[in-house]
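Heads up, the thing below is written out as structure tokens.
Each reported figure results from applying straightforward, stated rules to the coordinates on display, with no laboratory input. The structure displayed is predicted, hence computed values, not measured ones. A quick note on method: Cβ atoms are made from the backbone with ideal geometry, for glycine too, and the neighbour counts reach across all protein chains shown.
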């Protein structure tokens, strides 16, 4: 993500993208840029999660390649790690 935040002559802020060689945001306050970047990050996270969920629906091995745990394996590890030293 080749973004640069630049202060405009009027004191507001702009974001220039070297990917598209253009401004992607102009006339923004610092608070607006925080919100814009947070929205971008949330959108990216939703897309990554959707892709991962699609692969999980096809089978864990397609989502995680090697070392994909079954429910039983993950539950056993969780139980072992959750029990204290006297509970083993």
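Annotations for the structure displayed:
- Residue 54-residue 14 pseudo-label distance in nm [points 7 Å out on the Cα-to-Cβ vector]: 3.6 nm
- Debye-formula intensities of the chain, expressed as log10 I(q)/I(0) at q = 0.13, 0.19, 0.21 Å⁻¹, are -0.68, -0.90, -1.00 (one equal scatterer per alpha-carbon, no solvent).
- Using just its DSSP H runs of length 4 or more, each adding -39500 (n - 2.57), the chain gives a mean residue ellipticity at 222 nm of -17000 deg cm²/dmol after division by all residues.
- Cα-based helix-to-principal-axis angle, 71-82 vs the chain, degrees rounded to 10: 90 degrees
- On Cα atoms only, tilt of 30-58 relative to the major axis of the chain in degrees: 40 degrees
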